[in-house]
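Quick notes on the structure that follows.
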Amino acid sequence: MKSIIIPLFMLLLSQISTAQTPTFNKKIIFRDSLDFEYASQLAETSDGYLVMGTSHTWNKSYSSDSRLVVLKLGRDGAILKKKIYGDSLNWYECPDTKAIMKTGDGNFIILLQHNTSEFDWTIELMKLTPDGDSLWTKAIHPPDGYVDYIFPKTFTQTADKDFTILGQYGYTGIIIRTDSLCNVKWAKLTGEASTHAITYVNSIAALPDNSIVAGLYVYDNYNIQIGSGVMVKVNSSGDFKWWRNIGNRAYTGTNQVFVSITKDTSILALATTSIINPLPQHTRFELMKLTTGNVLLKDTVFGSAYQIISINESTCLLDTTLIACGVQVSGKGCIFNCTVDARELFYKEFVTDVKGPSHNPASGSQVIYSIIPTSDDGLLMAGYYSYPGSYDSDPWILKTDRYGCFQPGCEPGAIYITVQPSSQSVCKGDSALFSIVGSGDAISMQWQMKTAETWVNLYDGNIFQGTLTDTLRLLNSSQMDGISLIRCRLMNDKYTLYSHTAELSILHSPAITVEPDGQWVAPHGRAVFTVNAAGGVPLSFQWFRNNAPIPDATDSILVIDPVDEEDSPGPYHCIISNQCDLVSSRNVYLLLYGLGTGDDKEEFSVTVFPNPAGDKISISFSNRTKTVVHADIISNSGVIIKTVIEGEFNAGNHSEQYDVSSLQPGAYYLRLISERKTEIKKLIII
């Protein structure tokens, strides 16, 4: 027999330990015995990473065996699965992944540049599973008036599910808008296609109103020292809303522009600002922050004046800092991180220890094409390593911690969280505890709660204590309800680091919303009792008969099929519980039609007069032997309304009168039980 288990236990607090971020710096192979391979895009899945890139063999006769390659990697960088797509024989244009985004269903869409012949370039979108398997591929056909010489650079998806592709069309940029099925809606050039104004595209970002902002740079073909970065906003109909130059005028030269959108929907534009002459060339960075309506909020130039860097990608991290990757003039891959107020946090250069084709140490170029933050507080990067004096190159992937370090401690002032706060579920009115363990120089802490999409600082008071320490105490949750989000901000004079978000769930004791009803069924019929309750989940149910638990009756619905005589009359009730408390339903009965019809009058017989009745009824019964008699008036739903007879009677005829004036008019049942028999009579009150 299964008995009910009532979970009246204390809530145990737990902590989530964060192990050191797995790191690696390695060459990967897309296909065997190929000359030129490179990784260009990255994505994180629930159990690893996707790496996309291009592989082709250059046979010196200007033809190639070109393929798109998608690798599934484990958390340690090991190759778990490999998929190869496409077929090209054009040596100078290989299938290439330009950008990737995650979709709401957990899959991914990649933007491809592909070619099927020497003069046939195509733009494609491909949807992939988290394992790299293709679900569909759709070609994007340019609208009328444009030939197929469009080279895509990047893309985004707006809130209305449209795709917007930013690409290169001759000597100018082009923006192509499609619907969710990849049907082209419109195309707009970003500048004039002339030999005096050459425009190159860099980046694109979607705004909440379904418009987009693009980053590009323009220079004069006859005087390349006169260059300028440009931002442009285009609405969902293709209308240009505004243009803005970016690039400090104290410097000259080409300005790459990478745009991103912050949580408050401000636009961040990161640009390179360079001096080309006199040598050596200097590259600095400019960070501009502005509203979606082109109102300038901040404009700052920062960075070393003695580095030459070409940026390949930039992204805004969850802690509102920006990180960019690329290559510097000596051929080393590099990344840097800066705050939104244009304060550079770190700059890192990377090399590999791979060997050349002759297995000798090589000192070729290294490029980082793509960088993404990972869920374990790391950075994943991808690019390629090319060998000097040849066309050979190999894909290159790196995994560091959030500061670009392969081992903790390489970055001065770095803050690490070794134990994250855990989510808590507490009963309303109880207390809770959130803890965090961090390491670093001169750390201060501030606990925060999310309110109306905004994180606000908590302060010590009647509800919380320890808001500036490593342990946050919720003293009393009686003034809280639902689910609240909690995090801790760790700070020093250089870095700000946010913990993982923990949930604080306030649970309520169970409360019955629908009571069970009694059942009238025929012998061998089917009875169904139902109870509903509200309260903190999980809720546990256990049904009882005659105060004994019914084995396996642990759902909100109790079904008895078939019903036997021993199942009647009960009573039946259900206990509902959660970690906070328990509550019991009312007692109800299971009554059988056809029992106690009065056929065996020599043993026991019952009459009710008058019936229908008004204020009083007379109950008469006879029994041949001394017996205990119990009689109840029961509602039509099986609930006992009133007990009218209770006692032991000698053999003979008996008659009792009872006042029923308090009963509402309607149908009732009189159930009279002796030691040998049960009689049920229908009673009408008028």
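The values are calculated or read from the model by the stated rules, or taken from the named source; none is laboratory data. What you see is a predicted model; the values in this text were computed from it and never measured. Here the Cβ positions follow ideal geometry from the backbone for every residue, glycine too, while neighbour counts run over all protein chains shown.
Can you name the number of the only condition in (1) modelled with pLDDT of 70 or more; (2) outside any strand (DSSP E or B); (3) among the small types (G, A, S) that G86 fails?
Answer for G86: the failing condition is (2).
How many of the residues making up region 437-458 are on the phi < 0 side of the Ramachandran plot and without any contact (Cβ under 8 Å) to a residue 24 or more places away in the chain? Spell out the reasoning first.
Within region 437-458, the subset on the phi < 0 side of the Ramachandran plot is 437-439, 441, 443-451, 454-458.
Now restrict to residues that are without any contact (Cβ under 8 Å) to a residue 24 or more places away in the chain: 451, 454, 456-458.
Of the residues in region 437-458, 5 are on the phi < 0 side of the Ramachandran plot and without any contact (Cβ under 8 Å) to a residue 24 or more places away in the chain.
Can you name every residue in region 546-590 that is surrounded by fewer than 19 Cβ atoms within 10 Å (Cβ to Cβ), more than 18 Å from G518 (Cβ to Cβ) and among the hydroxyl-bearing types (S, T, Y)?
T554
Where the second residue is in a strand (DSSP E or B) and β-branched (V, I, T) and the first is assigned by TED's automatic domain parsing to the domain that holds A522 and lies in region 550-575, which pairs have Cβ atoms under 6 Å and are six or more apart or on separate chains?
Final answer for the pair search is I557/T530; V559/V528; V563/V521; D567/I560; Y572/V588.
Can you spot a residue in region 453-466 that is closer than 27 Å to L539 by Cβ, modelled with pLDDT under 95, among the small types (G, A, S) and out of contact with any helix residue (DSSP H, G or I) (no Cβ under 9 Å at 6 or more places or on another chain)?
no
Would you call G461 outside any strand (DSSP E or B), under 28 Å from A43 (Cα atoms) and without any contact (Cβ under 8 Å) to a residue 60 or more places away in the chain?
Here the answer is no, as G461 does not meet what is asked.
For I309, are the conditions met, namely being free of Cβ contacts under 8 Å to residues at least 40 places away in the same chain and surrounded by 17 or more Cβ atoms within 10 Å (Cβ to Cβ)? Even if it seems obvious, please write down each step before you answer.
Numbers: free of Cβ contacts under 8 Å to residues at least 40 places away in the same chain: yes; surrounded by 17 or more Cβ atoms within 10 Å (Cβ to Cβ): yes.
Taking the combined requirement at face value, the residue satisfies it.
Pull up region 464-479, narrow it to residues that are touching a strand residue (DSSP E or B) at 6+ places or on another chain (Cβ under 8 Å) and assigned to a loop (DSSP other than H, G, I, E, B), then point me to the one that is nearest to L507 (Cα to Cα).
At the first step, the residues of region 464-479 found to be touching a strand residue (DSSP E or B) at 6+ places or on another chain (Cβ under 8 Å) are 464-475, 477.
Pick out the ones that are also assigned to a loop (DSSP other than H, G, I, E, B) and you get 466-470, 475, 477.
On the way: G466: 23, T467: 23, L468: 26, T469: 26, D470: 25, L475: 15, S477: 10 Å.
Selected residue: S477.
Among the listed residues S505, S499, which satisfies the condition of being in contact with a Cys (Cβ under 7 Å, 6 or more places away or on another chain), hydroxyl-bearing (S, T, Y), modelled with pLDDT of 90 or more and at negative phi?
After ruling out the rest, the residue left standing is S499.
Taking the residues in region 432-458 that are surrounded by 14 or more Cβ atoms within 10 Å (Cβ to Cβ) and in a loop (DSSP other than H, G, I, E, B) as candidates, determine which candidate is nearest to the chain's Cα centre (by Cα).
If we take residues in region 432-458 being surrounded by 14 or more Cβ atoms within 10 Å (Cβ to Cβ) and in a loop (DSSP other than H, G, I, E, B), then I436 is nearest to the chain's Cα centre (by Cα).
Can you tell me which residue within region 655-686, out of those that are closer than 12 Å to T627 by Cα and of a type outside the set (A, V, I, L, M, F, W, C), is surrounded by the most Cβ atoms within 10 Å (Cβ to Cβ)?
Across region 655-686, the extreme among qualifying residues is S674.
Considering each of S17, S3 in turn, give the residue that is in contact with a strand residue (DSSP E or B) (Cβ under 7 Å, 6 or more places away or on another chain), loosely packed, with under 12 Cβ neighbours inside 10 Å, within 23 Å of L380 (Cβ to Cβ) and at pLDDT below 80.
Within the list S17, S3, the selection yields S17.
Considering only residues of region 517-531 that are assigned to a strand (DSSP E or B) and of a type outside the set (S, T, N, Q), which is surrounded by the most Cβ atoms within 10 Å (Cβ to Cβ)?
In the first step, residues of region 517-531 are kept if they are assigned to a strand (DSSP E or B); the result is 519-521, 527-530.
Next cut, of a type outside the set (S, T, N, Q) only: 520-521, 527-529.
Numbers: W520: 19, V521: 20, A527: 21, V528: 13, F529: 23.
Looking at residues that are assigned to a strand (DSSP E or B) and of a type outside the set (S, T, N, Q), I get F529.
Quick one: in region 459-478, of everything that is buried (at least 17 other Cβ atoms within 10 Å of the Cβ) and small (G, A, S), which residue is farthest from D319 (Cα to Cα)?
Step by step, filter region 459-478, then rank; the result is S477.
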